[in-house]
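Data block below; observations after.
The values are calculated or read from the model by the stated rules, or taken from the named source; none is laboratory data. Not measured: the values here are computed from a predicted model. Glycine gets a Cβ as well: all are built from the backbone with ideal geometry, and neighbour counts include every protein chain shown. What goes into the accessible areas is simple: the full protein's heavy atoms, side chains included, and nothing from ligands, DNA or RNA. Shrake-Rupley method; radii C 1.70, N 1.55, O 1.52, S 1.80 Å.
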Amino acid sequence: MSTHDTAKIFTGRSQPDGQQFDAWSNQPLLLSMEQGQLDWPSSCRNGTCRTCFGKLESGQVRYEIEWPGLSADEKEDGYILPCVAYPCSDVVLHPGD
Ligand code: FES
């Protein structure tokens, strides 16, 4: 029995090429993208280095850590750190600028 048994699967899509992946609700988006063979930059994998910085075009995420390495403005503008962001819906994201 795996932890996936109680998780929801959302549809994730990464732009600009529109590659799709299974976005499990119980694991960070970065991990789901890697399992879906998507190439996404990462380094620390704990929400501090910002290497994985990206922007949500649609959908919602939640964080399990108190304050990921994003400013309040960035969060409001839809920027996310996929290494610590868990999907709450279908998501479309693209790499940050
Ligand atoms: S990999 Fe470092 S913040 Fe995501």
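Points worth noting:
The rows are residues; the columns are (1) in contact with a Pro (Cβ under 7 Å, 6 or more places away or on another chain); (2) of a type in the set (G, A, S).
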position	(1), (2)
G12	yes, yes
L29	yes, no
Q37	no, no
S43	no, yes
T51	yes, no
G54	yes, yes
E57	no, no
R62	no, no
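- Enumerated strands (runs of 3 or more DSSP E) restricted to segment 10-97, each holding at least 3 residues that are open to solvent by 70 Å² or more (accessible area, probe 1.4 Å) and either in contact with a Phe, Trp or Tyr (Cβ under 6 Å, 6 or more places away or on another chain) or more than 11 Å from the ligand (Cβ to nearest atom) (or both): 19-24
- The listed residue being more than 16 Å from A23 (Cα to Cα) and in contact (Cβ under 8 Å) with a residue 40 or more places away in the chain, out of P68, P95: P95
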